[in-house]
Each structure stands twice: as C-alpha cells, then as structure tokens.
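The values are calculated or read from the model by the stated rules, or taken from the named source; none is laboratory data. Everything quoted here is computed from the prediction, not taken from an experiment. Reconstructed Cβ throughout: ideal geometry from the backbone, glycine too, with neighbour counts over all protein chains shown.
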Amino acid sequence: MRIHHLRIQAFGPFAGSEHIDFDELAEGGLFLLDGPTGAGKSSILDAICYALYGTLPGSRTGSRQIRSDHAPADLAPEVLCELTIGDRRFEVTRSPAWMRPSKRGKNKTTEQKASSLLREFTPDGWKELSTRNDEVGHVLGSLLGLDREQFTKVVMLPQGGFADFLRAKAKDREDLLANLFDTSDYARIEEEFSLRLSEERKKTESLEARLSASEEAIHAEARTFLAGREPLREPGEQEEAVLASPDDYFADYRARIGQIHRLAEAEAQRLRTQRTRTGDHARALEERRRVFARLGELQTLQSRYGQGHGAAVSASSKLEKDAQAVAVRAYLAQANGARAALQQSTFDWEQQQLWLSQAVSMACEPDASGLDRLRQESTDVAEELAIAKSALAEEKRRVSLAKDVSKAEQDAATHEKARDQAEVEVAQLKTEREKLESEDLDQAGAGENLQRAKERQQLAETQIAHALTRDDLEKKVLAAREHSIAQELKIVDAEKSLLALRTEQLGQSALRLAAALEEGQPCLVCGSAEHPAPAQADADAALIDDQQIQISEELVASARAEGQKAAQARDTLAAKLETAQVSAGEQSVAQLREELGSAQLQLELARKQQAEISARVAKLDQLRARIEQRTARAAQATLEHSTARNNAQSLAAQLEQLDAKLEELRAGKESLSEQVRGLQGKSEGLAASVQALRQLLEARQALNEAESAWDRERREAGFETIGDFEAAVLEGEERERLKQLQRADADLASAIATLEKSEDCRAARDLEVKGVQAPNDDEILQSRALAAAAEEQYEAAREQLVLAATCLERHEESVGQLQRLRADAGPVIEAYRRLRGLAEVIRGGGENLYKMTLSTYVLAARLEEVAIAATERLDAMSGGRYSLHHDDSKQGNSKSGLGLRVLDSWTGKYRETQTLSGGETFMASLALALGLADVISHHSGAVDMQTLFVDEGFGSLDAETLEEVMQALENLRAGGRTIGLVSHVAEMKQRITNRVSVLKTQHGSTIQRDSLLGTGQ
C-alpha cells in the first residue's frame, strides 16, 4: 500500500482544509512530521485511519468529537485519501456526522449523517464503487489484508507502546499478541477438546460405575449363596485365600457353587428313592383297607335286601292296580262333566222358551226341527234390521249435509265482504303513494350534503387545534431563541477564559520544562544531561497547571453541551412551529371558531334534511309493500268467494236428493231409529234362542257318548263294578310310600349285583383266603407319616438343588455379561484416557512441561518469528551488538513460552529486556515494531506497505546511536518505501530537511511543507 495524497478539512485540530502530497515527500525517502505537543501530528495519522476504516485508532475509537471546534459553522468535516493497494488506485472520501446550519432560519442546526465515497481509477476515469460507510471499510480492509488494529501496528509504529511490550510480563505480551494474531481457531480447538473431554468423562464414569456395580453384584450374590451352605472349616484350616483379580474370585465362586450343586444333586437322588419306597408302602395299605371296606359294604347291603324284599313285592302289586285305575279315571271325569253341561243347557233353553212365548208368541220343541224353525225366523229378522240400519245412516248424513250447506253460504258471504274491503284499501293506498312520490326523495344528494358538512366541521376543528398549537409554539420558540442566545454568550465567555489560560500557559512552557529538570537526568526536549541556563520565573509568578486548564476546558465543554441542548430544543420547536403554521393557515383562532359555528349549523340542517328524506323513502317502501299485500289479499278473497259459492250450490243439490231417498225408506213411519231398536232386540233374542237349543241338543249327545266310553274302558281295565274301581285307587301319600319302597328294593338289588361283580370284592375274598386281614388305623397313620416325612425331605433337597443350579447359571451369566461390558467399555475408556492426555497437553497441563495452552503455543511461535525479524533491524541499529531472542525456558509452575531476552555479543550473555538503557530500549522497541509489522503482514496476507510512520522516542538516543537508527530507517526505504518520522526533537529537524510541520494557533492548527503553508488542495 502507498499513500499518494491526503486532504484534511475541519477535522480534529485543523480548522480549514489542509493537504499533504506524499508522492512529493516520497522523493526524499525519509520525511519528518514535526510540531509541538498537541499541535495535531497524531491527528494526521488518525485521518488516514479514519479514511480507511471509518473509525479512529486506539482509545479514540467511537469518539464523536471528530469535527474541529475551530472550523467555520458551515464547513463540513471531511477526509480524502488517495492510495494504491497492489496495482489498484483508490480514492476514499469520508465525512463524519456533524451539526450543520439549518436552512430554515438563523442560528439553526440539524444533524448531517456520516457519509462515505469509494472510487477506483480505471482507464475510463474514476469509477464509483460504494457509498455505504461499512462497505467501504470492508472493501479496503479486505484488500489490505489487515483490520484496523493490525493496520495501526503495521503502518503507524508506536515506538512507546512497543517499549512497554518489550518490558511487559508474559501475560501482558499474550494479550497484545492475541489482538494482533488471530488465534480464535486454536481457542475453539481448546474449547472443543474441553467439551469432548467432558462428554467422554461422563461416558467413562458411567461405564466404570456400571462395571464396578456389576462386579459388586456378582460378589454379593455368590457370597450370599455360599454363606451357610459350605461345610464348616475344621479348626486350623486355612481361611479363604486372597486372590489376585476379580476374575480369579469369580472362578473360585463358580467352583464352590458347582461343588454345592453336585452335593445337592446326590442328596436329592437319595431322598427321591426313599420317598418312592415309603409312598408305595402307604398306598398299598390304603388300597388294602379300601377293598376290605368294599367287601363289608356288600355284606351290609345283602342283609338289608333280605329284610325288606317281601314288602317291596306287595307294594308292586298294589301300585300296578292303582296304575290301571288311574289310566281309566279320565273317562269317569268326562262323563261327569257331560252330565253337568246337560243340566246347564236345559236351564238356558227353558229361559229362552219363556222369551219366545212372551216376545214373539212362538212355541218350539227342543229337537232338530225346532232348531231349523228358529234359525229361519232369525235370518228373516236380521235382513229386515240391515235395511233399517242403512236408512238410519242416510238420515244422520242428512243432518250433517244441511249444516255444510248453511256454512258454505255463510263462507261465500264472508269472502265477498273481504274482497270488497280489500279493493277499497288498495285504492286508498295508491292515492297516498302517488302523493309521496311527488315529494323530494334524493337520498344520495342528501348524503353528499351531509358528508360535505361533516368534512367542513372537521377541517375547522383541526385548523383550530393547529392554530392553538401555533400560537403556543410561537411563544415557546421566542423563549427558546432567547435562551439559546444566552447560552452562546456563555460559550464565548468560557472560550475566552480558556484561550487566555492556554496563552498564559504557553508563555510559561520554558518555566515548566525548567521546573521538571533534574541534575544528571536527560532533558525531555534535547536529551542532554547538562542544563546550563534553565529559565527563571519571577518571585511572585504563579504557574498555570494542567488542572486549571482541565477545569476551564470542562467549563467550556459544559457550556457547549448546554448550548447544543438549547439549540436543539430551539430547532425542534421551530420545526414544530413551521409545521403548525402550514397546517393552521393565516386565520386567527376567533375567525376559525366563527367558521366552525357556520359549519356546525350547516351540518345540523344537512342531517335534518337527510332524516326527512329517509323517512319519506321508508314510508314509501312500506306503502308499496302494503299495496302489494292488499292487492294479493283482494285477489285471494275473490277466488275464495267464487269457490265458496260453487261449493254451497253443490251441497244444496246433494241435500235435496237425500231428502227424497229418506222419504221413500220411511214408508210412512215417523222414526227410523225406533224401528231399528225394535228389530235389533228381536234379532238378538232369536239368535240367543237358536244358540240355547243347539247347545241343549249337543249336550244330550255328549252325555250319551261319555257314559258309553266309561263303561267300556272300566271293564277292559278289569273293574266290573264301580266299587272295584274305587278300591283299587290309592291315596297320594300311600302311592308315594309304596313307590319309595319299590325303588329302594331295586336300588339294593342293583348295588349288590355291582359289588358282587367288582374286582375289589374278589380281591378282598382272595386276601381272606390267604389269611390277610384289613390294616388297622395305627398302621395307616404310621405309613402316612413316613411318606410325608420322606416327601418333605425330598422337596427340601430339590429346592436346594434348584437354588444351586439357578445360582450357578446366574453367576455364569453375570460373569459373561461383565466380560461383554468390559469388551464394549475397553475402547471407550482407552479413548478417554488418550483424549484426556491430549486435552491436558493442549490446555497446558499433564506432560506439557511449559504449561502453554495451544493458543499460547501458536502465539509463542509468532513471537519467535517477530524476534527473528526484529533482530535483523536491531543488529543494524546496534552495530551488531544486540539481538532479540525468544525465551521459552520453564518458569516454575507458571506459563512459559512468551519470554524475550537480549543477547549482548560484547559479553556473550543474555540480558533481561528491563536492563536496557533508554536508547537501547528505543532501538529494541523500534526493531520489535518493525519486525512485528513484517510478521503481521506475512501471516495476514497483507499487501506490501510502502508508506510507514514511526512515532516518537528519538530524543533518548545519543548522536552515534541516532546515526545507526537513521541508517536502519534508510534501509527500510529499499524498494521505494516512504518513511515518516513523528517527532518534535530539534536535532531531527536539522538531520531531516524533508519534512511536514504542524503549526498550532488559537484558531486551529495548519500544515506547512518546506516552510510553505498548505493551501488546502
């Protein structure tokens, strides 16, 4: 990068427009940037940094006090820098935010936003690239390959800052190097290793806990099982041996559990044989007692059968006779029932004979011919009754029909009246409708009038509000202007006081320097240790110190802040007033209120007109709807009248026809109802007589048939007389007793036959033949007790066998699971151990004897490169005496790797950097700054810096050393570099005639080139 031109306007201490032609300065190679303290030398470097990055360097980053306080109020602050990056030429112009005078009135200001412009020179001329503040900095920073912090260290070499770095502790060096060299990737690696280590630690701890729990569970389960089951050790026998590993313990447990399992299996087999033997013996005794019990049961049944068999045979005979009598008893009941039915039928017929003689004067014999005669008479009367009932229905219909005729005539009259009334109402409504249609019905026009009236009222109300605001703001603006003028006067007074103090302090500069001189110590200006004629002050003279200046500056800043607040308040009120004046117009509040009253009256009239028209329209719509309803009602009434009239005529014709028919049916009788009632009674009586005679004849025949069947069935059953029959029939209780006796005899015979054929009885008889008797109760109880005891012993042994087998199986399964878990956990635990070792090294622990983290290690490598690059410069400056070396020696338990030492070739020994003298420190610091700039450029991929600045420190060098330093700086010019030395040392002015001087005045600073004042190009 090479800077060609720089123009500064209203920036920092520069009140006007100043220009520096770096191409002209480059012809001489080295140039001096001199001027008194506070004149603005660093502001030139600030302007370059601001042009490129949009911010000030170092501690001044973010400051808004960029515009010169000495500049005219309407002069915009601006920095223009023309430079070449690589083979591309750019022009960047930046203007920070500032308060410019407002065009709306006197002493008004408004904030002007910050602006930027980046242009590139092409064969077609200057081409605009960007006007965005952030984008301009991003483009230039990307091309340079440096951020703002790196740029200030590479191009603007602050020798004093690197002197501090040279003498700093390792921790402070690390902070500075971390700002210059990006080690964020390595920091993320450290963080990633830490996170991964934490995750793997959790996994490993979980696996180790599971392994330990599994081992403890195997130990506990095996020891619990073995306790109390192993044979007791003999006195003096060795206790359980201490084994080398858990696997040895597990193998020992398996052998001991296996031994117990084998012993339990043998014991169970022995007890199983014993259980079988005792069980078989007990079951044999039980079986022998059972078969003898069956034989005794047979003998008991045979005795009972012999005693009751005769009575059972007699009972069977009686039950057989009873069954025969019961079989024919139904015929006797049937004959008795037929006899009772005949008696009832005879009584009923006698009653009907009495009715026949009294009602119809008819006598009839109780035989078949009499029945036929009664049936014929009943049929004739029924036919006559049907004819009479038919005539009676027609007579009833005649009454209903007459009512229908009367109602139809009334309906016709009602519908005719409704028709006439509806036609009259329709005529009246049409007349009223025509009257309404002739009046004003324009709703749309009324709505428009109302809307215009509302808008006029709202406009008047809004104008009144704006007018009130306008009048109030006029008063407030006047007061704000007076307050602002008062604050401006205070600012002028404070600035005059500050200027007087600064002028007086400037006149006392020599006295202040003289007061700071110490015998044997170098002068801060010339560096000489001798002070032959220091300035002398009057006895009563009071020196102006920096605290007084600071207090005065604070008063000026406070006055300016108050003035700025007052100006902002004044401008804000003025802007509001201007808006209110535009909105309110020229009329007064009283005029606007009169106009509001007129608008309100017009609005009221418009509302009234709209309401009247709306009422007319609504009434007209109602009339039209009523006309439609009444017209439809009249049409409906006409239709209904015609229908009712036709219906009445039809019904009258039907009534006339029915009257003629009824006259014919009456045949001269007055009432058909009486005729029907008489025929109805006669018909019912004849029907009852027919039924009574028919039932009498049927009862006689049924009785004859029942008595014949009874005699026949009784004789066939063996009962010649009724007495024989009655003697054979048994009472219910006696019959049931005999049946039970018969069933018991049969059951005993069946049971005896079954037992005689059974194997149990034959076996018992065989045992008796052999002389074997049934076992007694004591033998049975003893065999049962022996069998039960053998069963219990076997079950206990079998339970122990199952427990041993289960324990052995579970032990082998648990050991297998543990082996699989170890196999799965082994790689995880090993990986964690490797990761832990590596993470410890990366964060400066473990085998890392230097206690360096990964980021520190990278910075140490960079520092080593910086030391090598700096040694090339320091060797030339010190005449080959000094060289800088990276020191990575151990520092006890502290972090190592960021140390610096100086090798003195005259003594061949290393020296600490704190032991260097002032001049030696300056050379080492300058060499370190230059070396650091080279390394930063190399690692950031930055372009070659053709324009460099070296700041301060030359006053501490003797003539010989200064000559060597100047020679080293001359070497930096190789390749066409331009080197600017920032200093106020007088001897530097004599050595370097190619210079730019910054002159300080009470009206602001200016830049002078070769004693010529810059023209602000």
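When the range 433-459 is filtered for residues that are in contact with a Leu (Cβ under 8 Å, 6 or more places away or on another chain), modelled with pLDDT under 80 and surrounded by 13 or more Cβ atoms within 10 Å (Cβ to Cβ), the ones remaining, listed by number, are R433, L436, L441.
If I filter the range 466-476 down to residues being hydrophobic (A, V, I, L, M, F, W, C) and modelled with pLDDT under 85, which single residue comes out as farthest from R607 (Cα to Cα)?
Filtering the range 466-476 for residues hydrophobic (A, V, I, L, M, F, W, C) gives 467-468, 473.
Then drop every residue that is not modelled with pLDDT under 85, which leaves 467, 473.
Working: A467: 28, L473: 37 Å.
This residue is L473.
Note on the range 69-122: residues that are part of a loop (DSSP other than H, G, I, E, B), more than 25 Å from A561 (Cα to Cα) and not charged (D, E, K, R) total 1.
Name every residue in the range 786-821 that is acidic (D, E) and surrounded by 13 or more Cβ atoms within 10 Å (Cβ to Cβ), in order of residue number. Walk me through how you get there before you give the answer.
Start the filter on the range 786-821 by keeping residues that are acidic (D, E), which leaves 791-792, 795, 799, 809, 812-813.
Result: E791, E795, E812.
Of the residues making up the range 790-840, those that are over 19 Å from L263 (Cβ atoms) and of a type in the set (S, T, N, Q) are S814, Q817, Q819.
Restricting attention to the range 930-947 and to residues that are at pLDDT below 75 and among the small types (G, A, S), the residue that is nearest to the chain's Cα centre (by Cα) turns out to be S940.
Output the number of residues of the range 180-228 satisfying the condition of being hydrophobic (A, V, I, L, M, F, W, C), over 30 Å from A860 (Cα atoms) and not in a helix (DSSP H, G or I). Lay out the reasoning, then the answer.
Keep residues of the range 180-228 that are hydrophobic (A, V, I, L, M, F, W, C), which gives 180-181, 187, 189, 193, 195, 197, 207, 209, 211, 213, 217-218, 220, 222, 225-227.
Restricting the remaining residues to those that are over 30 Å from A860 (Cα atoms) gives 207, 209, 211, 213, 217-218, 220, 222, 225-227.
Then keep just the ones that are not in a helix (DSSP H, G or I); that gives 227.
Residues in the range 180-228 being hydrophobic (A, V, I, L, M, F, W, C), over 30 Å from A860 (Cα atoms) and not in a helix (DSSP H, G or I): 1 in total.
Can you find even one residue in the range 23-33 that is surrounded by fewer than 17 Cβ atoms within 10 Å (Cβ to Cβ) and modelled with pLDDT of 85 or more? Yes; the residues of the range 23-33 include at least one that is surrounded by fewer than 17 Cβ atoms within 10 Å (Cβ to Cβ) and modelled with pLDDT of 85 or more. For the range 789-801, the criterion of being assigned to a helix (DSSP H, G or I) and closer than 30 Å to E205 by Cβ is met by no residue.
The condition (being of a type in the set (D, E) and modelled with pLDDT of 80 or more) is satisfied by just one residue among E191, E216: E216. Scanning the range 480-522 for residues that are over 20 Å from D546 (Cβ atoms) and either in contact with a Cys (Cβ under 6 Å, 6 or more places away or on another chain) or at pLDDT below 70 (or both) yields G520, Q521, P522. Which residues, taken from the range 466-493, are more than 17 Å from A575 (Cα to Cα) and hydrophobic (A, V, I, L, M, F, W, C)? Correct list: I485, A486, L489, I491, V492.
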